[in-house]
1. Here's a check for you: in the range 667-684, which residue that is surrounded by 15 or more Cβ atoms within 10 Å (Cβ to Cβ) and touching a residue at least 24 places away in the same chain (Cβ under 8 Å) is farthest from TYR182 (Cα to Cα)?
2. State which residue pairs qualify: first residue in the same structural domain as GLY12 (by TED's automatic domain parsing) and touching a residue at least 24 places away in the same chain (Cβ under 8 Å) and inside the range 149-164, second residue β-branched (Val, Ile, Thr) and in a helix (DSSP H, G or I) in any location, beta carbons under 9 Å apart, and separation of 6 or more residues or different chains.
3. Report, by residue number, each residue of the range 226-274 that is among the basic types (Lys, Arg) and assigned by TED's automatic domain parsing to the domain that holds MET333.
4. State whether one or more residues within the range 31-38 are assigned to a helix (DSSP H, G or I) and outside the structural domain of LYS163 (by TED's automatic domain parsing).
5. Can you find, within the range 253-274, the residue that is most open to solvent (accessible area, probe 1.4 Å) among those that are assigned to a helix (DSSP H, G or I) and without any contact (Cβ under 8 Å) to a residue 40 or more places away in the chain?
6. Being at pLDDT 90 or above and hydroxyl-bearing (Ser, Thr, Tyr) is the filter; apply it to the range 215-268 and report the residue that is nearest to LEU650 (Cα to Cα).
7. Hey, any hits in the range 2-25 for a residue that's open to solvent by less than 40 Å² (accessible area, probe 1.4 Å), part of a strand (DSSP E or B) and touching a helix residue (DSSP H, G or I) at 6+ places or on another chain (Cβ under 8 Å)?
8. Would you check if VAL549 is over 18 Å from ASN452 (Cα atoms), within 16 Å of ligand 2 (Cβ to nearest atom) and in contact with a Ser or Thr (Cβ under 8 Å, 6 or more places away or on another chain)?
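The values are calculated or read from the model by the stated rules, or taken from the named source; none is laboratory data. Because the structure is predicted, anything quoted here is derived from the model rather than measured. FYI the Cβ positions are ideal-geometry reconstructions off the backbone, even for glycines, and counts take in every protein chain you see. All accessible areas refer to the heavy atoms of the entire protein, side chains included, with ligands and DNA or RNA removed. Shrake-Rupley method; radii C 1.70, N 1.55, O 1.52, S 1.80 Å.
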Amino acid sequence: MQITDSILAIKGIGEKNAAFFRKLNIDTVASLLYHFPRDYELMPKAAGVREGAKMPGGKTAVLATVKTKPVVQRFGGKSKLSFDAADGFGCVMKVTYFNMPYLASNLWIGKQCVFYGTLTQKGATYLMAQPKLYSPESYEEQSGKLCPVYAKTKGLSDAGITKAVGSALSQLDENGAWQEEYLPEELVKKREFDSVKNSLHTMHFPDDRRLLQKARERFSYEELLLFLLSVKSQSVQKTPCKTPMQDQGEMEALIKKLPYKLTGSQQKAVEMIREDLCGGFYMNRLLQGDVGSGKTIVAFLAMLLAVSNGYQAVMMAPTEVLAKQHYEQIKQMTEDFGLPFKPAFLAGSSTVKEKRQIYADLESGAVNTAIGTHALIQEPVSFQNLGLVITDEQHRFGVRQREILHEKGGGMVHTLVMSATPIPRSLAIVLYGQLSVTQMTDMPAERLPIKNCVVDQGYRPSAYKFMMEQIRLGRQVYVICPMAEPGVMEDLENVVDYAKSLTKIFPESVKIAHLHGKMRPKQKNEIMEAFASGDINILVSTTVIEVGVNVPNATVMMVENAERFGLATLHQIRGRVGRGSEQSYCIFMESETKDKKNERLEILNHSNNGFEIAEKDLKLRGPGDLMGLEQSGSFSFRFADIYRDHQLLLDASADADELLAKDPHLSDPKRRGLRERLERYQEDGYLDIL
Ligand code: ADP
Ligand code: MG
């Protein structure tokens, strides 16, 4: 078997199973093996009831014998199965299962099992609901080991995924072709990594935590190294600029007309950009500022200076919704203040005819300001006189994509990169390579801090009532769900079903709409526009609204399954409210099954400051943290997490520097694998696992 084969090559996986795996984007053996567990459970030794109940928190395993005949009660469409089980000391616990009546035929008086679940005590009675069942022998085999918990979908259980992974690994071991090692041997040795093969084994079937951490580090490291090599191998020297721009006071004039006063940080940022644009070298600057710090107007001011000097300016946003919003805003300002912008919007959804027109206008110079998505860098676009390129939330763009834009300006363009990801300065310098960094630390003054709360399911009716009150006051509400559509990961809320269920709860006069990334761009724009103009009261969305969108009248943000998101993502999401002069609220709703308070959410609950959150998150997790394979903020790493892996990031950075110093083009044959891999990474802009 080849690691690139279809999963149908794995023994025990047929068409039916394969369809379930496909829902998780797993179609090849490799994609299965790289579907890493999202957590691990340590199965404790099986114990008696009293002993089990004493174990602090978490789940326990109780070895017990069925004592009473299991009975099934039915009510409505639901059922409850219950019986007593007693341990070797005669101590009894009540066991219940909801909606699993078929289990009754598997359980009879005298049968001995290990019950694995959460044991609770009410008065003198011990209770265990929905425990997993094991035969004493099969439990013995697993206890003391770390068992993987996977992201799953309907039709697939942890056991099912584990079995498929196990078969794949043993088939590959027997007579298969593993993927080639592309990390140079010098690095594997230096960092004491295990082989790809062993590391993959360990990710799914770890012998202990230390080995697991080492394996996880290997995959994070590879990814960070590719990222850093690609940043660092770009030209680093400053390019002299022979025709600096002239400032005739256009920026000052616009600043005076704005309905607000710029913050100190904004003024400083504008000043630095002015110096860059009017100075002797091309600008290459990162503007970093927390959500809501007012980066957009700084960008517009930079564009104004470029356009006033006869250059064309481009602003690229990662989503069409966001690009459209920037475009509408600049159009409005042009009308209101008589600015020299001749703007055009270009995105994937533009018609062929529209695109042709815009291409012609950019080439002739009839348009001097282009705002759009990566459609802006596609082949046929050429510029009459491109002078400034701004990328908003740039981490969504691949390094290669940024280079293409540069080339379109003949390599002679000023670049400004804007980001809201609150990374400590030490990391920013590594992650952004050669960029000069400007941080905006002030927030616009008249903002009221957002009021936060972390709540459980019991609070739901009050939350809806509160939303209704805000809607009556004329405000708008966002609800964020982790999933787009039904059918994948059933235990998480999805946007489509959720919006439907809200229509039953709220009166008909409340307009509810939903938004997710799989919808067509045109549809997404329409919904976003309707929300921005106030025609929609509640917008149920995935994190597609995470970046940049600005609707100041929205005052409530409710996040479902909140503990499933990374802290930086949650902070970004929350940044969608608190943008106007009214008090805003953020409700983090925890999932039902959470039994202990989530410390990470508590950090958000008590701080609205992105940098502070990032730092506390870093401390809380520490390098040994195995969780958090989910994205941290918006750096689209697949395995690595810039906060958890900050030391690894610094190590990879040092290694990348060393490699490039002795072999700038990685042309040594022993680094061929790495070079090829890097080329592909730069082309795609993301990590393709093989
Ligand atoms: P972000 O940095 O997240 O991109 P935006 O540029 O979208 O933030 O700004 C958020 C909101 O704050 C916008 O409605 C903008 O008009 C407003 N704003 C920007 N600067 C100021 C300021 N100095 N005072 C008051 N409001 C401001
Ligand atoms: Mg923004």
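1. Applying the first criterion (surrounded by 15 or more Cβ atoms within 10 Å (Cβ to Cβ)) to the range 667-684 yields 671, 673-675, 677-678, 681-682.
Retained after the next criterion (residues that are touching a residue at least 24 places away in the same chain (Cβ under 8 Å)): 671, 673-674, 677-678, 681-682.
Numbers: ARG671: 8, GLY673: 4, LEU674: 5, ARG677: 7, LEU678: 10, TYR681: 13, GLN682: 16 Å.
For the range 667-684, the residue satisfying everything is GLN682.
2. Sorted first by the residue in the range 149-164, then by its partner, the pairs are TYR150/ILE161; TYR150/THR162; TYR150/VAL165; LYS152/ILE161; ALA164/ILE7.
3. Applying the first criterion (among the basic types (Lys, Arg)) to the range 226-274 yields 232, 238, 242, 256-257, 261, 268, 274.
Within the range 226-274, LYS256, LYS257, LYS261, LYS268, ARG274 meet the criteria.
4. The answer is no; no qualifying residue exists.
5. Start the filter on the range 253-274 by keeping residues that are assigned to a helix (DSSP H, G or I), which leaves 253-257, 264-274.
Within this subset, residues satisfying the condition of being without any contact (Cβ under 8 Å) to a residue 40 or more places away in the chain are 253, 256, 267, 270-271, 274.
Details: ALA253: 46, LYS256: 163, GLN267: 89, VAL270: 5, GLU271: 72, ARG274: 39 Å².
Filtering the range 253-274 for residues that are assigned to a helix (DSSP H, G or I) and without any contact (Cβ under 8 Å) to a residue 40 or more places away in the chain, the one most open to solvent (accessible area, probe 1.4 Å) comes out as LYS256.
6. Among them, the one singled out is TYR221.
7. No, there is no match, as no residue in the range 2-25 is open to solvent by less than 40 Å² (accessible area, probe 1.4 Å), part of a strand (DSSP E or B) and touching a helix residue (DSSP H, G or I) at 6+ places or on another chain (Cβ under 8 Å).
8. Answer is no for this residue.
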